[in-house]
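We did not get these values from a lab; they are worked out from the coordinates using the rules stated. Because the structure is predicted, anything quoted here is derived from the model rather than measured. Glycine also receives a Cβ, built like all others from the backbone with ideal geometry; neighbour counts cover every protein chain displayed.
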């Protein structure tokens, strides 16, 4: 994946925004932690200093300046462990006792607190925090604590917090990249598939992860759509191929017949015969052509707008009335089983055409002397059945016969354009009916389940 | 009529038509207007109709077609539904509005049921979908032209010694009663009303059965031959004739 593409990707931008919000939140949180911990430490230091001041004030009250000096001396001696800072000076700021070398220059705040650089022995350079007082007699007292350790702890905390923030930023950046990469990868594969398809390879499919997530669902829906499109395209290609194949022979016959007729002078009768044969051929072509148009019309779904109530029992009786004489002439019989017929919403002419095609097929393939049975029932939805006693259709061929122009090899010699059953299939689909081919033992039974 | 020689030989159905249109003797030539923008189609229709004895005028667009149809009294107008200028539907509506009752046959590349219904509703009398056979067009033009002459008030239809009483619903040939099934009766009635003309199988399916579909096999033939057995069997002068390449004609024998 190209890096600039990654930077431009939506997911990556989202990851960055997320990172920003996350970073700011972490910073605010850490600032609060820092503020509360160092605040706590300062309050603690201040409390210790206050307590010491109270102790020293007691000494001063009980034993006067001498006692105070002794107490300061004592405490200064322990300062190595207590980190205490003490200084008692005369009014002219000269040192009396304490562990600081000189009175700090820093100015006290309203409560008498000062923060200053420590100037004494080994603690030099450290920070001190202290409170200063003016005693009766002009003496000044400083009591405080070396806060270097506290500062160090604070710095340590801040440093750890800084590392934490850095780590969080790095982690979320990395996570964003990984997430972005995986999402992009899936989109990329969809893109790649689309490009392959655009360039003509319709068999391509988007890989499905099987996780059931949104991307997987998208992939599955796309694949479903692609499968349907592929079917349609294949169907169209099949039709074109079949039209080319099935119309080519009659067109060739037609052309050569006309050509041959013109090759040398003939008598009127010969010309007439050639022309008549040509007309018959053309009629067959027109008929095939019209059947294709009708299938296309049914498949377009347009007839649905004109749907009206159609009584299926009436319909079969009409078919019987129209086809009965022909069926009888061919030594078969047409038997109707339809009582009070169920009615459906449909296109009467197309339904008639479909049933007529089925009867036509039955007549074509069924053996003479056998019956063709037309049944209408309501179990529980309307069902129209056409059953014959012909050879039937072997199970593996049943799907194929619904395709346009499909003719079982065994029936190639019989007249017909191979469009009969595909028209039935188109009409069934138009009416939301299921078209089932079954075994009549022997024979074929075609069921239209509405 | 021009003599028929060599390649200009006309198909049987044209001959049959010419041969038998006894009514045309006391009629002037049938005049037909063809409004069709495809010049070649228009020319084929013109030639075909001319050769079968009609006077044909052709208009190649809706405007001139409408003007001609409004100005003259044609027996039939054959109008393509899709035309430059006012289309077929607009022409029919205009004609009907000014009181012109010229029978109109629509030609259309739109063969859907709604298209046919809307065309007929607009005022056309018949509808033919492209591609069509010329014999089909010719038979329909003839039926439309003839319809103006037939009196709808007739209660008895006759051809030679064949007689149909529409009220008693009885058919006799040479005074002898013939029993017909209801559909056979309707079939014969239609043929009698169009006696002397060629009627196609599609016309019979549409007019007698009221269906608009392609029955593939020769179902109509079987019905016609059953009817023929009933009315012509044992008769010297057969009346119901098959016209090759077109359909049937009920007429006096040659």
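The alpha carbon gyration tensor of the range A:190-288 gives principal lengths a ≥ b ≥ c with a/c of 1.5 or higher and a/b greater than b/c, which makes the shape prolate. Of all DSSP beta bridges confined to the protein assembly as shown, the antiparallel ones make up roughly 75%.
To the nearest ten degrees, helix A:268-300 and the longest principal axis of the Cα atoms of chain A are 30 degrees apart. Each Cα pair under 8 Å and six or more residues apart adds its separation to the average, and for the range B:156-250 the resulting relative contact order is 27 percent. Please label the shape of the range B:50-101 as rounded, prolate or oblate, based on the square roots a ≥ b ≥ c of the eigenvalues of the alpha-carbon gyration tensor (a/c under 1.5 means rounded; beyond that, a/b larger than b/c means prolate, else oblate). Oblate is the answer for the range B:50-101, as a/c is 1.5 or above yet b/c matches or exceeds a/b. Every helix of 4 or more DSSP H residues in chain A counts as -39500 (n - 2.57), and over all residues that averages to -20500 deg cm²/dmol at 222 nm. Applying 1/(1 + (r/R0)^6) with R0 = 51 Å to the Cβ-Cβ distance of residue A:57 and residue A:165, what FRET efficiency is obtained, to the nearest 0.05? Efficiency at R0 = 51 Å is approximately 0.65. With contacts taken as Cα pairs under 8 Å and at least 6 residues apart, chain A reaches a relative contact order of 9 percent. Take B:48-57, A:24-33, B:72-81 and order them by the average number of nearby Cβ atoms within 10 Å per residue, most first; the result is B:72-81, B:48-57, A:24-33. The relative contact order of the range B:28-147, computed from alpha carbon pairs under 8 Å that lie at least 6 residues apart in sequence, is 23 percent. The distance separating the Cα centre of the range A:270-319 from that of the range A:342-372 comes to 14 Å. Under Stokes-Einstein, with the Kirkwood radius over Cα pairs as Rh, the value for the range B:156-250 at 25 °C and 0.890 mPa s is 181 µm²/s. Derived from the Cα gyration tensor, the three semi-axes of the equivalent ellipsoid of the range A:301-449 are 23, 18, 14 Å, largest first. Ranked by the mean number of other Cβ atoms within 10 Å of their residues, highest first, the peptides A:308-315, A:108-115 fall in the order A:308-315, A:108-115. Protection proxy ranking of A:167-173, B:84-90, by the mean of other Cβ atoms within 10 Å over each peptide's residues and highest first, is B:84-90, A:167-173. Oblate is the label for the range A:274-323, because the ratio a/c of its alpha-carbon gyration tensor axes (a ≥ b ≥ c) is 1.5 or higher and a/b is not greater than b/c.
For the pair the range A:92-109 and the range B:210-254, the centres of their Cα atoms are 140 angstrom apart.
Computed from the Kirkwood radius of its Cα pairs, the Stokes-Einstein diffusion coefficient for the protein assembly as shown at 20 °C and 1.002 mPa s stands at 61 µm²/s.
Per residue of peptide A:322-329, the mean number of Cβ atoms on other chains within 10 Å of the residue Cβ is 5. Against chain A, whose longest principal axis comes from its Cα atoms, helix A:312-329 is set at around 40 degrees. With respect to chain A, whose longest principal axis is taken over its alpha-carbon atoms, helix A:10-77 is tilted by about 20°.
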